[in-house]
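Taking it in order: structure first as structure tokens, then the write-up.
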Amino acid sequence: MSSQSDYTSRAQRITARFPLLTFLSIQITFWIFANLLLALLMYFHAQAISITYQIKAVVSFVPLLMVSLLMVIFYGLSLGLADFYLRKGLFRKKSFASLLFIKTLISFLILTLIVLLLHFVFYDFFNIIFSSAARMPVAAAWNSFYLASAIYYFFMTLMISFINQMNRRYGPGVLVPLLLGRYRTPREEERIFLFMDLKSSTSIAEQLGHLRYSAFIRDAFSDINGDIAQYNAQIYQYVGDEIVLTWQTREGLRNFCCIRFFFACEKRLRARSPYYQQQYGWIPEFKAGIHAGKVTAVEIGEIKLEVAYHGDTINTTARIQSVCNDYGKTLLISEPLLQKLNVPEDEFETETLGAIQLKGKKENIAICSVRKTI
């Protein structure tokens, strides 16, 4: 379990530091395997024709492998860049079907350019490989090659799009442990949880109406998502106007990520205040509670599968967040977690507020407020 946790942590740190490079490495690795499979299929198909009709082999494996690797470099890199910037640019709010259609068009365009380039550079070379014994003109061979590649690459583009969506759904470094069955049976983990709830949500909803309020929440959560990778956070749930984030305890404590993340979100939302004021007349502000402890993680559901966390830690975090208004504070944290963090006094100002009663529990938990000073 620890090795899988380390893998997830490393994947999140690398993705945060090198988002484009990480994304492209996934795409190129996928297309290496996809093109190797295509080369093998074409080679064995050519061998079958050669044996069946007792003719000289039309192709050999090495030239096919060379062409496949060249296509990996051009196709994987070009399509990966297009996919990355489509999700970051003007098309980020488009539906998955719209993005898939655009990527399919780009895919066919890139594939056509690659085939034309290969035709220009390697035509004479292939004129030798496609022997006269095959009784197939080289031009016809190139047309067949393009058609087969277009069909194959279309379905492989669907597959890599699905993989990208799954990576976005679970976050960096989570998909592989899921495929390996890490959460098929309950596992105990040490985690930090952060509950962020929108302030004045009822008033905002009444003024904006359901449709504009949903757009308001969508935009606010989208801005919050912009800081997730940098602070190694994982999104656990969206619940109405509340977002729940989590860290492995070691990752959340590192460089005070669990606290700095909240203030980074505040800073980003303040920087975007002219947009929110113009579009909605409101600027999103959040209150939050943070706590750490043991939870169990397990895959649940049959129709809709997800990883769920259970335990008192989650209930305690929700309770801490719920009393923010009572104390007039924006960020509250459990005292045991604050002691582990040992936050620098020149950056954060903390205040002990006493203990709160946990619902259904006899014991209380001490809480503190945290405010960023610089």
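The values are calculated or read from the model by the stated rules, or taken from the named source; none is laboratory data. Computed from a predicted model, the values in this text were never measured in an experiment. No Cβ is skipped: glycine too gets one built from the backbone with ideal geometry, and neighbour counts run over all protein chains shown. Keep in mind that these areas ignore ligands, DNA and RNA; they rest on the heavy atoms of the full protein, side chains included. Shrake-Rupley method; radii C 1.70, N 1.55, O 1.52, S 1.80 Å.
Looking only at residues of segment 8-40 that are modelled with pLDDT under 80, out of contact with any helix residue (DSSP H, G or I) (no Cβ under 7 Å at 6 or more places or on another chain) and open to solvent by 30 Å² or more (accessible area, probe 1.4 Å), we find that the one that is nearest to TYR152 (Cα to Cα) is ILE26. Scanning segment 340-357 for residues that are within 21 Å of PHE256 (Cα to Cα) and β-branched (Val, Ile, Thr) yields VAL343, THR350, THR352.
When LYS287 is tested against (1) open to solvent by 50 Å² or more (accessible area, probe 1.4 Å); (2) charged (D, E, K, R); (3) closer than 29 Å to TYR213 by Cα, only condition (1) is not met.
Candidates CYS257, CYS265: the one that is in contact with a helix residue (DSSP H, G or I) (Cβ under 6 Å, 6 or more places away or on another chain), assigned by the TED database to the domain that holds ASN342 and of a type outside the set (S, T, N, Q) is CYS265. Of the residues that make up segment 178-197, is at least one open to solvent by 20 Å² or more (accessible area, probe 1.4 Å), assigned by the TED database to the domain that holds GLU285 and modelled with pLDDT of 95 or more? Taking every residue of segment 178-197 in turn, at least one turns out to be open to solvent by 20 Å² or more (accessible area, probe 1.4 Å), assigned by the TED database to the domain that holds GLU285 and modelled with pLDDT of 95 or more. Check whether at least one residue in segment 298-308 is closer than 20 Å to MET196 by Cα, open to solvent by 20 Å² or more (accessible area, probe 1.4 Å) and in the same structural domain as GLN248 (by the TED database), and report yes or no. Taking every residue of segment 298-308 in turn, at least one turns out to be closer than 20 Å to MET196 by Cα, open to solvent by 20 Å² or more (accessible area, probe 1.4 Å) and in the same structural domain as GLN248 (by the TED database).
Taken over segment 316-365, residues that are assigned to a strand (DSSP E or B) and either open to solvent by less than 30 Å² (accessible area, probe 1.4 Å) or at positive phi (or both) amount to 8. Looking at segment 244-252, can you tell me whether even one residue there is modelled with pLDDT under 95 and surrounded by fewer than 16 Cβ atoms within 10 Å (Cβ to Cβ)? Among the residues of segment 244-252, at least one is modelled with pLDDT under 95 and surrounded by fewer than 16 Cβ atoms within 10 Å (Cβ to Cβ), which makes the answer yes.
Going by the conditions given, is ASP223 in contact (Cβ under 8 Å) with a residue 12 or more places away in the chain, over 27 Å from GLU347 (Cβ atoms) and either open to solvent by less than 30 Å² (accessible area, probe 1.4 Å) or in contact with a Gly (Cβ under 7 Å, 6 or more places away or on another chain) (or both)? No; evaluated as a whole, the condition is false for this residue.
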